[in-house]
Amino acid sequence: MSTFVIVYFAFLIGASCLAAYMDRRSVFMPLFSLTLVSFVVGIVGGTSGLWFIAIAAGLLALAAGTSYAFREFLVAILPTNAAKELKTAPLTAAFGLFVMFTYAIAGFFAPWIAPHGETEVIASAFAPADENMLLGADQLGRDMFSRIVYGTRNSVGLALLATSAAFLLGASAGLYAAVRGGWMDQFLGRAADVIMSIPSLIFALLMLAIFGPKIIVIIIAVAIIFSPRVFRLVRSVAGNVVVMDYIEAAKLRGEKRGYLIRKEILPNSTAPLIAEFGLEFCFVFLLVAGLSFLGLGIQPPAADWGSMVRENATLISFGDITPLIPAAAIALLTVAVNFVVDWMLFRSSGLKE
Amino acid sequence: MSATGKKKQVLLDIEGLKIEGFTGEEWVPIIKGVDLKLHRGEVMGLIGESGAGKSTIGAAAMGYARDGTRISGGSIDFDGMELTTATESERRALRGARIAYVAQSAAASFNPAHKIIDQHTEAPLHYRIQKRMEAQEDAMELYERLRLPNPKEIGFRYPHQVSGGQLQRAMTAMAMSCRPDLIIFDEPTTALDVTTQIEVLAAIRDIVDQFDTAAIYITHDLAVVAQMADTIKVLLKGEEVEQASTEKMLSDPQEDYTKSLWAVRSFKRPQKSRPKDATALVSVQNVDAAYTGGEKVLEDVSFDIYEGMTVAVVGESGSGKSTTARCITGLLPPMSGQVLFKGEPLPPSYHDRTKDQLRQAQMIYQMADTALNPKVRISEIIGRPAQFYSGLKGAELKSRVDELLDLIELEPSQYYDRYPPELSGGQKQRIGIARALAAEPSFIICDEVTSALDQLVAEGILKLLDRLQKELGLAYMFITHDLATVRSIADEVVVMQNGKVVEQGPKEEMFTPPHHPYTDLLLSSVPEMDPNWLTTLLEERGVDNVGESADV
């Protein structure tokens, strides 16, 4: 029996008893469940199993604590209206916001955060981590950590640009179709159907093969692929607004279509649109990463998470986790965005009560 | 009706009921301690404005608190069973079997995917009271008693295949399917036309009498409640104002609030006559109209509206009143015929009209909720027409908006920066009026502007419209199905049926016999405050004449 095991169980049982005594059911249940799980894992896996459980639980508690503190921080600094909304946000959404905040910082201040240059060769290939390199070196001897920080800029920036382009295209077409109606509505709708019928990856590969793997081609290809989904959503949301009496009143006043769209329809359809933006962003991000993995995305030597996974893939067979780090960065961002989107969808769907 | 005399057993006894609702971040009281005692076979009318807590009390009588509300105090005793402490399954066993509920909109309450009779027999089958065939036969018998046409066949239709009034009666039959001790009627006739309302009222009253069922009848229409209830309870903001038997309540109300409710229909103004040798401001001439691909909705509609006068267009729903308005505004270009404005023909579609032509005719809508953009500030809603037509900017625009807010009797500094969802129904309707006025029109179409409002609030709106007419010399086209409104505000009346004008003329002439048979039907169907009105009317028409056969 090591000291760790004794201290660990003493702490858990003590905390559980305290929670039970204070009648805090929501604290007691997870704590005591953890105690029971640790007990079983301790018998099966020994001290190392216990360490694993303890670290996992600690990380989870840390994430929850960070999210909680971050939410309170946002509530404190934001204006009252936004703060009121945020107060009701679940911890997962706060966690998502925190992760997004971290990524934004990393992207904006990459040159200051990264200890080495994006393309600077500083060590031998696949050198292990040392005090100079936090995560070791890649296949050409460049610092892995620096490249991940720069990759935030490239990968996330590209995905953001492409999603915005898709939204611009899809939303303006959708709003126009809803306001105009008639044959134009039909025409745009069928055009969207045609684009949706082409498999997205094949379409992107085709475009990139024809025009070459340039950034602008990626953005346009992705915008075309994703705009029909945005179009459909916007058209249905705007379609519900267009039939309102206040639109009729504005039409009878003689307002132009531009005014109708900007002032009357758009303010009433922002909530689902923002949620959809987050959702589409994840898909775009994964598609761009996939393209990079296939060698058709952002071209070397620029750092990009998708291509970093591919370039370091050989290390997997040596049992090294280095290639999984950029993959984890992708996964974390997607999960974080989804957490935030879930919360927003929940709010806009009116399921609050 | 005859239950008052006998001493009967108490069925439902609510004492000190308190209900709270969750708004924003705290619990706010909705019902502040209401007592209610209902005997077997007694019909109690609950009346009050919207927000008075009528429906909440109705739901509480079933031991039910809607989402976001909770019963925070008091007791609800139903036939010896305490509902506030009963378990959910105990309460569920009561609902449908011993307590039934009839909702306001039958069309929204029936499941459109199932036949009416299948929905009817659901409760008896669930509670194992009857076998399916028995339940179906029982349903047909109930349909017959409720005077539904083809009682043997109508249940096998889907809800969309029968009319609104028939559906409401089918729902009453459904509530009766388990022969409950108590039925809660939550505004069962509010969404219906006056002519259909009579059928439903007569049917409900008969069936409640025949089975000696106790009922709580919730409505905001005093004349209706006078026909139905043995006792009336008046509610205001979650508190009881007073309770008395129907005759006593009508003849001798005690509280000031009740008196004001009773006096609400008193607003009247003298009828104006047409100005001599002037051209009509708006003249609708031989208009035919149809929606794309459909049948003709309007056929040869003609009438004139003179400056400074109010023309009321009345008729049941589907008679083409609103379509006429759409033809005048140009939303629906007529197939033939034309609309003249000050003697000059208007282009059929609003796309082709000039800014000035558009400015002259404005609309006020029935549902203020959908007529005002919820995401736009009041100042901009009212300011936009002024800015758009007159090109006002900055300080000029602000003073114009303030002036308009003053005109509709809302304090400018308080409402300037607010959003429509923060306002009450009456205030929203006033904003709608201000938006119409901002264009400085000479003619306003009022499409059922008061029918979604409580009587006191509606009265205020009518007075406001009347004052504005005097001050600004406006002409109104007043679309309504409420003849009481017509009586109070109109100068001329146009009666429409099935897309045709059946009769038109000055108000006083229209309200004195002889009438066109359809006008007569409309007029006689308006409920009156006399508790014997329905009985007398049914005797006059003959019982068999109520319902589908009452057509002219």
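Some notes on this structure:
- In the set (1) in contact with a helix residue (DSSP H, G or I) (Cβ under 6 Å, 6 or more places away or on another chain); (2) buried (at least 23 other Cβ atoms within 10 Å of the Cβ), B:MET249 fails one condition alone, (1).
- Residue match in segment B:352-364 (condition: more than 14 Å from chain A (Cβ to nearest Cβ) and either open to solvent by 50 Å² or more (accessible area, probe 1.4 Å) or over 22 Å from the mean Cα position of the chain (by Cα) (or both)): no
- Residue check, B:SER283 surrounded by 15 or more Cβ atoms within 10 Å (Cβ to Cβ) and within 21 Å of B:ASP491 (Cα to Cα): yes
- Taking segment B:96-167 as the region of interest, the helices (runs of 4 or more DSSP H) fully inside it that hold 2 or more residues being more than 27 Å from the chain's Cα centre (by Cα) and among the acidic types (Asp, Glu) are B:132-145.
- Condition check for B:LYS463: surrounded by fewer than 19 Cβ atoms within 10 Å (Cβ to Cβ), within 28 Å of B:LYS54 (Cα to Cα) and basic (Lys, Arg): yes
- Conditions (1) touching a residue at least 12 places away in the same chain (Cβ under 8 Å); (2) within 14 Å of chain A (Cβ to nearest Cβ); number of the one not met by B:ASP67: (1)
- Residue match in segment A:239-248 (condition: closer than 27 Å to A:LEU158 by Cβ, at pLDDT below 90 and either open to solvent by less than 60 Å² (accessible area, probe 1.4 Å) or within 24 Å of the chain's Cα centre (by Cα) (or both)): no
- Enumeration of residues in segment B:55-99 that are over 23 Å from B:HIS126 (Cβ atoms) and touching a Lys or Arg at 6+ places or on another chain (Cβ under 6 Å): B:SER72, B:GLY73, B:GLY74
- Some residue of segment A:54-66 being of a type in the set (Ser, Thr, Tyr), touching a residue at least 12 places away in the same chain (Cβ under 8 Å) and open to solvent by 90 Å² or more (accessible area, probe 1.4 Å): no
- Helices (runs of 4 or more DSSP H) fully within segment B:390-440 counting 3 or more residues that are open to solvent by 10 Å² or more (accessible area, probe 1.4 Å) and closer than 19 Å to B:LYS463 by Cβ: B:425-438
- Members of segment A:268-286 found to be assigned to a helix (DSSP H, G or I) and of a type in the set (Gly, Ala, Ser), listed by number: A:ALA271, A:ALA275, A:GLY278
- Annotation note: Cβ proximity below 7 Å between a residue of segment A:250-262 that is β-branched (Val, Ile, Thr) and a residue that is part of a helix (DSSP H, G or I) (sequence gap 6+ or interchain) occurs for A:ILE261/A:LEU175; A:ILE261/A:VAL179.
- Restricting attention to segment B:328-351, the residues being in a loop (DSSP other than H, G, I, E, B), within 14 Å of another protein chain (Cβ to nearest Cβ) and surrounded by fewer than 18 Cβ atoms within 10 Å (Cβ to Cβ) number 4.
- Within segment B:15-47, the set of residues being outside any strand (DSSP E or B) and more than 14 Å from chain A (Cβ to nearest Cβ) comprises B:ARG40, B:GLY41, B:GLU42.
- Exactly one residue among B:LYS272, B:LYS268 is touching an Asp or Glu at 6+ places or on another chain (Cβ under 6 Å), assigned to a loop (DSSP other than H, G, I, E, B) and not acidic (Asp, Glu), and that residue is B:LYS272.
- Selection over segment B:424-445 of residues that are more than 14 Å from chain A (Cβ to nearest Cβ) and not small (Gly, Ala, Ser) gives a count of 2.
- Selection count, segment A:128-139, where residues are surrounded by 15 or more Cβ atoms within 10 Å (Cβ to Cβ) and in a loop (DSSP other than H, G, I, E, B): 5
- Within segment B:300-317, restricting attention to residues that are assigned to a loop (DSSP other than H, G, I, E, B) and touching a Gly at 6+ places or on another chain (Cβ under 9 Å), the residue that is surrounded by the most Cβ atoms within 10 Å (Cβ to Cβ) is B:GLY308.
- With respect to the conditions (1) within 14 Å of chain B (Cβ to nearest Cβ); (2) in contact (Cβ under 8 Å) with a residue 40 or more places away in the chain, A:ILE247 lacks only one, and its number is (2).
- Filtered residues of segment A:72-87 (kept if of a type in the set (D, E, K, R) and open to solvent by less than 100 Å² (accessible area, probe 1.4 Å)): A:GLU72, A:GLU85
- Residue in segment A:88-97 that is most open to solvent (accessible area, probe 1.4 Å), counting only those that are in a helix (DSSP H, G or I) and farther than 17 Å from A:CYS282 by Cβ: A:LEU91
- Every residue from segment B:367-379 that is open to solvent by 30 Å² or more (accessible area, probe 1.4 Å) and within 8 Å of another protein chain (Cβ to nearest Cβ): B:MET367, B:THR370, B:PRO374, B:LYS375
- Top-ranked residue in segment A:251-301 [being in contact with an Asp or Glu (Cβ under 9 Å, 6 or more places away or on another chain) and either under 30 Å from B:PRO385 (Cβ atoms) or within 14 Å of another protein chain (Cβ to nearest Cβ) (or both); ranked as surrounded by the fewest Cβ atoms within 10 Å (Cβ to Cβ)]: A:LYS263
- Selection status of A:SER33, of a type in the set (Gly, Ala, Ser), without any contact (Cβ under 8 Å) to a residue 24 or more places away in the chain, open to solvent by less than 60 Å² (accessible area, probe 1.4 Å) and under 16 Å from A:ALA56 (Cβ atoms): yes
- Any pair with Cβ under 6 angstrom, 6 or more apart, that starts in segment B:311-322 at a residue that is closer than 19 Å to B:ASN286 by Cβ and ends at one that is open to solvent by 10 Å² or more (accessible area, probe 1.4 Å) and part of a helix (DSSP H, G or I): B:VAL313/B:LYS321; B:GLY315/B:LYS321
- Per-region count, segment A:195-235, residues assigned to a helix (DSSP H, G or I), without any contact (Cβ under 8 Å) to a residue 24 or more places away in the chain and in contact with a helix residue (DSSP H, G or I) (Cβ under 9 Å, 6 or more places away or on another chain): 7
- Boolean, B:ALA484 is open to solvent by 10 Å² or more (accessible area, probe 1.4 Å), within 14 Å of another protein chain (Cβ to nearest Cβ), outside any strand (DSSP E or B) and closer than 30 Å to B:ALA52 by Cβ: no
- Sole exception among (1) more than 30 Å from B:PHE388 (Cβ to Cβ); (2) within 20 Å of the chain's Cα centre (by Cα) for A:PHE167, by number: (1)
The values are calculated or read from the model by the stated rules, or taken from the named source; none is laboratory data. Because the structure is a prediction, the values reported are computed rather than measured. Methodologically, a virtual Cβ is constructed for each residue, glycine included, from the backbone with ideal geometry; neighbour enumeration extends over all protein chains shown. For accessibility, only protein heavy atoms count, side chains too; no ligands or nucleic acids. Shrake-Rupley method; radii C 1.70, N 1.55, O 1.52, S 1.80 Å.
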